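Beneath this line is the structure, given in structure tokens, with notes to follow.
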Amino acid sequence: MKYVTLSQTNDLMPTLGLGTWQASSDIIETVVYNALELGYRHIDTAFNYNNEKAIGNAIKKWLENGKGTRNDLFITTKLPHVGNRASDVKKFLELQLNILQLDYVDLYLIHVSFGFQCNPETLTPLVNPSGEYVLDMETDHIATWKKMEECQKEGLVRNLGLSNFNESQISKIIKEATIKPQVLQVELHAYFQQRKLVQFCEENDIIVTAYAPLGSPGAKDHFVTKYNYSPDTFPDLLGHSEVKAIADHHGKTTAQILLNFLLKQKIVVIPKSTSEHRLKENMDIYDFELTPEENNSIKKLDRGEKGRIFNFLFWKGVENHPEYPFTFIIQ
Ligand SMILES: NC(=O)c1ccc[n+]([C@@H]2O[C@H](COP(=O)([O-])OP(=O)(O)OC[C@H]3O[C@@H](n4cnc5c(N)ncnc54)[C@H](OP(=O)(O)O)[C@@H]3O)[C@@H](O)[C@H]2O)c1
């Protein structure tokens with residue numbers, strides 16, 4: 001496993017993590033245990049993935065079986081959209097630690113820049129009869145961040161970060177923060193390379209984690225099934241002919257090429273898989289170098305904003321939130 005060093009704590013963050021979105025509770029316990037056995041040390045989850053309990057079970061079992069220590073692991077989870085306010089930060093973090101059966105997490109991210117009103121019974125977003133999500137128009141990033149800092153000082157979390165925030169939102173937090181964001185987790189893959197944002201993060205000592213590094217092939221079905229929302233186009237990055245040719249040249253798979261391409265830019269990757277075979281495949285990504293020509297040809301696949309899959313418009317009305325992070329023209 002390879003690591004990057006986080007700026008404020010000098011903690012080591014494994015450059016490969018296991019994504020767990022869309023991995024249901026009934027299978028993820030075994031998957032996480034197997035992943036730890038294979039050598040994964042970094043697990044990415046979130047309150048909204050509804051799998052923290054099963055992931056916590058797997059970690060507990062692995063530790064109890066003497067396979068390693070808590071220090072060996074890097075566990076990330078996220079403050080949900082329904083808890084995106086100062087008064088809810090500690091409440092959610094403590095609840096999540098309890099569900100995960102952990103004393104602390106290594107990284108706590110504000111999951112999205114906007115907030116929804118919360119149904120206190122179910123801890124899910126309030127949705128009005130027309131299907132629109134009820135926005136919390138009072139979202140205050142600075143106030144929320146100050147509470148995140150308090151949680152870090154109390155030892156509930158080792159490192160703090162953001163997810164799905166734009167450059168201007170991050171800059172405002174940096175200006176007011178005592179503890180600066182150490183990680184930004186955003187959608188990032190060959191079709192959507194976010195070079196300007198990556199450079200901004202580099203200049204500010206923020207490690208970038210790429211979500212959907214393989215182009216999230218499972219997302220489309222999920223958007224349609226869960227939200228009846230169908231994006232106009234949906235990329236098939238794993239099947240791209242140029243990536244395939246590069247993969248053939250190295251005796252690797254297209255997934256391995258796409259992950260290696262990001263790693264070489266010091267970007268942390270968190271591909272999700274529940275298949276043992278693909279868990280292994282996604283780890284075997286450190287032992288080859290793309291040629292400058294190959295690197296350039298993948299760079300050229302960038303579609304800019306058109307490559308974005310996760311615009312969150314499946315949450316009806318979200319674009320009306322004052323902190324909706326994306327400024328592209330909504331069709
Ligand atoms: N912060 C955020 O808002 C946010 C949003 C989205 C995702 N995330 C995080 O980022 C993680 C990764 O993103 P993602 O899950 O959307 O997309 P992804 O990792 O790009 O793609 C996962 C999909 O690819 C398949 N897959 C995995 N390895 C493969 C391989 N070697 N060959 C072929 N197919 C392969 C998986 O299927 P199998 O399971 O069947 O292998 C799954 O359908 C998430 O799981 C989550 O932890 C964060």
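The values are calculated or read from the model by the stated rules, or taken from the named source; none is laboratory data. Because the structure is predicted, anything quoted here is derived from the model rather than measured. No Cβ is skipped: glycine too gets one built from the backbone with ideal geometry, and neighbour counts run over all protein chains shown. Please note that ligands, DNA and RNA were not included when accessible areas were found on the heavy atoms of the full protein model with its side chains. Shrake-Rupley method; radii C 1.70, N 1.55, O 1.52, S 1.80 Å.
Laid out as a table, the results:
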{"item": "Sulfur and carbon atoms: percent of accessible area, segment 66-135 [1.4 Å]", "result": "50 percent"}
{"item": "In nm, spacing of pseudo-spin labels at SER24 and TYR286 (7 Å Cα→C-beta vector)", "result": "3.5 nm"}
{"item": "Magnitude of the charge dipole, segment 7-96, Cβ model with Lys/Arg +1 and Asp/Glu -1, debye to 20", "result": "200 debye"}
{"item": "Accessible surface, segment 256-306, averaged per residue in Å² (probe 1.4 Å)", "result": "52 Å²"}
{"item": "Probe 1.4 Å, protein heavy atoms only - accessible area per residue of segment 4-123 in square angstrom", "result": "37 Å²"}
{"item": "Segment 8-319 - Kirkwood radius from inverse mean 1/r over Cα pairs (Å)", "result": "20.1 Å"}
{"item": "Restricting segment 264-331 to chymotrypsin sites (Phe, Trp or Tyr not before Pro) in coil, as DSSP defines it, with at most 10 other Cβ within 10 Å", "result": "PHE328"}
{"item": "Area accessible to solvent at MET137, 1.4 Å probe radius, in Å²", "result": "110 Å²"}
{"item": "Whole-percent carbon and sulfur share, accessible surface of segment 191-287, 1.4 Å", "result": "47 percent"}
{"item": "Rh (Kirkwood; distinct C-alpha pairs) - segment 33-139, Å", "result": "15.0 Å"}
{"item": "Axial C-alpha extent at least 15 Å, average Kyte-Doolittle at least -0.5 - helices from the chain (DSSP)", "result": "25-38, 86-100"}
{"item": "Helix-only mean residue ellipticity at 222 nm for the chain, each DSSP H run of n ≥ 4 adding -39500 (n - 2.57), per residue, nearest 500", "result": "-11000 deg cm²/dmol"}
{"item": "Whole-Å semi-axes of segment 129-251's equivalent ellipsoid (Cα gyration tensor)", "result": "32, 23, 13"}
{"item": "Given 16 as the ceiling on other Cβ atoms within 10 Å, longest exposed-site-free region of the chain for GluC sites (Glu not before Pro) in DSSP loops", "result": "155-288"}
